């Protein structure tokens with residue numbers, strides 16, 4: 001299973017796009033999701049992953065069968081989830097359900113790009129969390145995640161994702177879930193429990209104990225539950 005994309009909850013998409021561009025990222029328009037309740041912009045990286053800036057449109061749902069992430073957005077902005085890509089979504093859902101994990105059946109999702117092209121995928125969500133959810137493309141992935149050189153080149157040198165750190169209120173439950181999901185034993189580190197994805201991106205699991213004094217982080221956890229809260233990017237020379 002490979003890292004697909006990281007999701008950042010945004011209140012004002014235009015302002016977020018401006019801020020990311022000022023930070024040296026190339027940002028492209030994504031489009032409006034089939035539900036009509038959310039729209040996005042993308043920061044595509046050379047390793048095939050991307051950062052999704054996800055914001056509410058303020059509209060009522062127009063397709064009740066489509067995936068609707070608007071209910072998962074809160075007033076608290078920030079890193080709210082991530083997707084892992086698989087080529088066997090049905091098998092993943094079945095395996096998780098058989099192991100007692102509260103995983104949904106695969107559900108269709110789509111959005112229409114600004115050029116009118118419709119892209120489609122399917123997702124499996126665990127409980128009410130996006131940390132992580134699983135995705136499989138129906139249309140060509142390149143339509144969803146452009147690979148043009150101009151799109152994946154960033155002034156700040158960002159080339160890909162090296163690692164993410166996820167806050168777990170119950171570390172034992174988190175570790176068990178990732179063991180089942182990835183069929184992998186974790187690596188115990190001094191300050192975290194680590195899993196490594198097929199693309200060598202590291203997922204570090206930590207407890208909130210050492211971060212109780214960070215009021216902003218605690219507010220984010222209270223809003224979103226178990227969430228990723230830091231990310232390290234690969235640069236042309238080093239990390240960010």
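Would you confirm, using the coordinates I've provided, whether residue 140 is over 23 Å from residue 23 (Cα atoms), at pLDDT below 95 and either surrounded by fewer than 17 Cβ atoms within 10 Å (Cβ to Cβ) or in contact with a helix residue (DSSP H, G or I) (Cβ under 7 Å, 6 or more places away or on another chain) (or both)? The answer is no for residue 140. Going by the structure shown, is residue 110 touching a strand residue (DSSP E or B) at 6+ places or on another chain (Cβ under 8 Å) and farther than 30 Å from residue 22 by Cβ? Yes, satisfied.
Quick one: in the stretch 68-89, of everything that is touching a strand residue (DSSP E or B) at 6+ places or on another chain (Cβ under 6 Å) and part of a loop (DSSP other than H, G, I, E, B), which residue is modelled with the lowest pLDDT? Only one residue fits best here, namely 69. Among the residues of the stretch 110-124, is there at least one that is under 19 Å from the mean Cα position of the chain (by Cα) and closer than 13 Å to residue 181 by Cα? Yes, that holds for at least one residue.
Residue 161 meets all of the listed conditions (1) within 25 Å of residue 100 (Cα to Cα); (2) buried (at least 16 other Cβ atoms within 10 Å of the Cβ) but one, namely (1).
The values are calculated or read from the model by the stated rules, or taken from the named source; none is laboratory data. Computed from a predicted structure; not experimentally measured. Virtual Cβ from ideal backbone geometry, glycine too; neighbours counted across all protein chains shown.
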